[in-house]
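Worksheet: the structure to be examined is printed underneath.
The values are calculated or read from the model by the stated rules, or taken from the named source; none is laboratory data. Note that the structure is predicted; figures quoted are calculated from it, not measured. No Cβ is skipped: glycine too gets one built from the backbone with ideal geometry, and neighbour counts run over all protein chains shown.
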Amino acid sequence: MEEAKQLFKKLKIHTLLDLALLVPASYADTTLSSSLEIGKINTLEAKVEDVSVFAGKLRVQFRLVHTGKQLSSIFFHSTPYHHKQFSIGSDHVIQGRLEAYKGHLKMSQPKSIKEAGKIIPVYKTVLKEKEVQALMACYINEKNLYGEGLESHEVAAMMRIHFPRKKEDIFQDGRWISQNVMVLKFIEAYNHLKKLRGKRIDFPALYALGGEINSFVENLPFVLTPEQHQVIDQIQRDMARKDKAAKRMVVGDVGSGKTMVMLAGAMMAHPYKSILMAPTSLLALQLYEEACKYLPKKIKTALVMQGKEEGEYKKADFIIGTHALLYKEDLPQAALVMVDEQHRFGSKQRQRLESLVGSQEKKPHFIQFSATPIPRTQAMMESELIDVSLITTTPFEREVSTKTIGKQDFGHLLKHIKEEVAQKHQVLIIYPLVQESSEVPYQSLEEARGFWEERFEGVYVTHGKDKEKEEVLLKFREQGNILLATTVVEVGISLPRLTLIVIVGAERLGLATLHQLRGRVGRNGLKSWCYLYSHAKTENMRLERFAQTTNGFDIAKLDLQFRNSGDILDGTIQSGQKFKWLDLAQDEAFVKKAKNRIESMK
């Protein structure tokens, strides 16, 4: 048992299904050949008639049992073992490529097979072949597989894969038979979900929250979407419990109205305190402005940022801020903690946040928000570890036209930019680098700024390392015409007058990033454009497909297809999780089936 534990450790195997999913890389077929096939691998019964050594090479003459024909073999690297094994008169089942030369049959360096008439799995692992086969023989059996919750056809498929009786059980026309592949997809999803469920730890809540929100919703100058209502209802049910603190992630596309859900959360928490943390000062300020605009006066709101505070946070009902909140030693206890774009905080900040959301036995309700859409399959998986809500629609239809352009289109682009600026609209141009690089075939921010500054007024420039970037963005929002930037604006300030974005070297960016950048325009319903500028000569199918799609959740699925699936995007569970069989872009049905199976076993 101890030896098996060490072998499992080397294989990085934690569950029986991990072992079952370690499928053979290939199979050695020792079935006797029914006929002689020249140029192919043959498995034949043979008796040694003569042995000789010539120029250091062992020559063995065989007589084939079923045909009586002679076959000669040469062993180029013979050892004493070969001399002993192939003694005159000995019987063998030999395997190798059969060749014909001037009417004589030949087989170079044949293998003598001990177990004829079998299909033997070949495993490619860090262990010796015999060690893996011993583990499979010991642990992969019908009783153990049924014990994991598999059904009869799934158990039968796994037994066929590891202990095949004939090659047709595994392959057809050189490919895995689809029935087995479907079982492997399901088991991979099922095993992963079971492991995630085992990692979830729930704690009792500090308080059950039931603040009244109807008056807040009714007094809004717009109507919430059905999905916003649905998510608010889910959060209400979460926070009404005292035995289990809410742990939920709300994923909403750009402009889907997550802010109203956050404000509804603060209303539910009242009269207890709530905290909302954002990754940048700009976002925190924007959220504070929205809170002051839409929340009733009875909810006292405060803002906490580095070097700037508004309202008395010790007395406030709702505290909004940046990571500066984490360093306030006198921060009051909150019944609800909300975090916007948690993955954008550093590891140390996340650790501090962990202590904020509960070093004690009871914990505040915790809700995080993300503007990075994820495929529905991923949402299903993540919901084993944290409850997930998706907001896939927006309060109003955004009219954004996306086009791929090149050098030949620059004149038209320049004309369009002038037209938008003349209408008091704003333009954003994203460059791949701050400074010139010989490795990137595009102008950098510094190289390009002179061109735009000569032709336009109100040109602003910022990038990731710019210490004053937030100040620049605020100034641009109020009085700028053109903003030159790197992807620093991917998630950030709302720019209501922004109607045109140009992404230089668009083929170098992931689809999720392109979608976030495109999400900067058309926020207030103005007709807008997104130009994907590329030097790529051939048509870039990825960019063309992106241009035709505006829904962030469809783009997340598209992103998976172009990245060969398997990457967990948001990092909430395991960043970089890879699947061998399961395709997250295509196999939603298998994940759903696995999830239902686990639910039924509760």
The number of residues in region 508-547 that are over 20 Å from the mean Cα position of the chain (by Cα), closer than 21 Å to residue 374 by Cβ and of a type in the set (Lys, Arg) is 2
Any residue that is in a strand (DSSP E or B), over 25 Å from residue 17 (Cα atoms) and not aromatic (Phe, Trp, Tyr) - is there at least one of those in region 110-133? yes
Among the listed residues 433, 428, which satisfies the condition of being assigned by TED's automatic domain parsing to the domain that holds residue 514, in contact with a Lys or Arg (Cβ under 7 Å, 6 or more places away or on another chain) and either without any contact (Cβ under 8 Å) to a residue 12 or more places away in the chain or among the hydrophobic types (A, V, I, L, M, F, W, C) (or both)? 428
Considering only region 272-309, how many residues are in contact with a helix residue (DSSP H, G or I) (Cβ under 7 Å, 6 or more places away or on another chain) and over 25 Å from residue 370 (Cβ atoms)? 1
Could you check, for region 43-53, whether at least one of its residues is within 50 Å of the chain's Cα centre (by Cα), surrounded by 14 or more Cβ atoms within 10 Å (Cβ to Cβ) and at negative phi? yes
Test of understanding: among 560, 532, 526, which residue is aliphatic (A, V, I, L, M), within 27 Å of residue 251 (Cβ to Cβ) and not assigned by TED's automatic domain parsing to the domain that holds residue 435? 560
Scanning region 415-439 for residues that are closer than 20 Å to residue 519 by Cβ and not in a helix (DSSP H, G or I) gives 425, 426, 427, 428, 429, 430, 431, 432
How many residues of region 300-309 are in a loop (DSSP other than H, G, I, E, B) and without any contact (Cβ under 8 Å) to a residue 24 or more places away in the chain? The answer is 2
(1) among the small types (Gly, Ala, Ser); (2) modelled with pLDDT of 95 or more; (3) within 20 Å of residue 349 (Cα to Cα): which one isn't true of residue 278, the others all being true? (2)
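What residue, of 60, 93, is in contact with an Asp or Glu (Cβ under 7 Å, 6 or more places away or on another chain), surrounded by 15 or more Cβ atoms within 10 Å (Cβ to Cβ) and part of a strand (DSSP E or B)?
93
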Of all residues in region 47-96, count the ones that are farther than 20 Å from residue 32 by Cα and of a type in the set (Ser, Thr, Tyr). 5
Residues located in region 96-105, provided they are surrounded by fewer than 17 Cβ atoms within 10 Å (Cβ to Cβ) and either in contact with a strand residue (DSSP E or B) (Cβ under 8 Å, 6 or more places away or on another chain) or polar (S, T, N, Q) (or both): 97, 99, 100, 104
Could you check region 310-414 for strands (runs of 3 or more DSSP E) lying wholly inside it with 2 or more residues that are under 24 Å from residue 550 (Cα atoms)? 365-370, 387-391, 400-405
Limited to region 117-148, what total is found for residues that are surrounded by 15 or more Cβ atoms within 10 Å (Cβ to Cβ) and among the small types (Gly, Ala, Ser)? 1
Just need a number here: residues in region 442-473 that are of a type in the set (A, V, I, L, M, F, W, C), touching a strand residue (DSSP E or B) at 6+ places or on another chain (Cβ under 7 Å) and part of a helix (DSSP H, G or I). 4
Condition first: under 30 Å from residue 337 (Cβ atoms), in contact (Cβ under 8 Å) with a residue 12 or more places away in the chain and outside the structural domain of residue 237 (by TED's automatic domain parsing). Can you find one or more residues in region 142-149 that meet it? no
Evaluation of residue 427 against (1) touching a helix residue (DSSP H, G or I) at 6+ places or on another chain (Cβ under 6 Å); (2) more than 22 Å from residue 445 (Cα to Cα) (one fails), failing number: (2)
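Every residue, every condition in (1) crowded, with 18+ Cβ neighbours inside 10 Å; (2) under 25 Å from residue 513 (Cβ atoms); (3) assigned by TED's automatic domain parsing to the domain that holds residue 531, yes or no:
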{"residue": "333", "(1), (2), (3)": "no, no, no"}
{"residue": "340", "(1), (2), (3)": "yes, yes, no"}
{"residue": "346", "(1), (2), (3)": "no, yes, no"}
{"residue": "356", "(1), (2), (3)": "yes, no, no"}
{"residue": "366", "(1), (2), (3)": "yes, no, no"}
{"residue": "371", "(1), (2), (3)": "yes, yes, no"}
{"residue": "374", "(1), (2), (3)": "yes, yes, no"}
{"residue": "378", "(1), (2), (3)": "yes, yes, no"}
{"residue": "381", "(1), (2), (3)": "yes, yes, no"}
Taking region 13-40, which residues are surrounded by fewer than 15 Cβ atoms within 10 Å (Cβ to Cβ) and in a strand (DSSP E or B)? 26
Search region 464-477 for residues that are within 13 Å of residue 280 (Cβ to Cβ) and in the same structural domain as residue 425 (by TED's automatic domain parsing) and pair each with any residue that is among the hydroxyl-bearing types (Ser, Thr, Tyr) and in a helix (DSSP H, G or I) when their beta-carbon atoms are under 7 Å apart and the residues are at least 6 apart or on different chains. 470/281
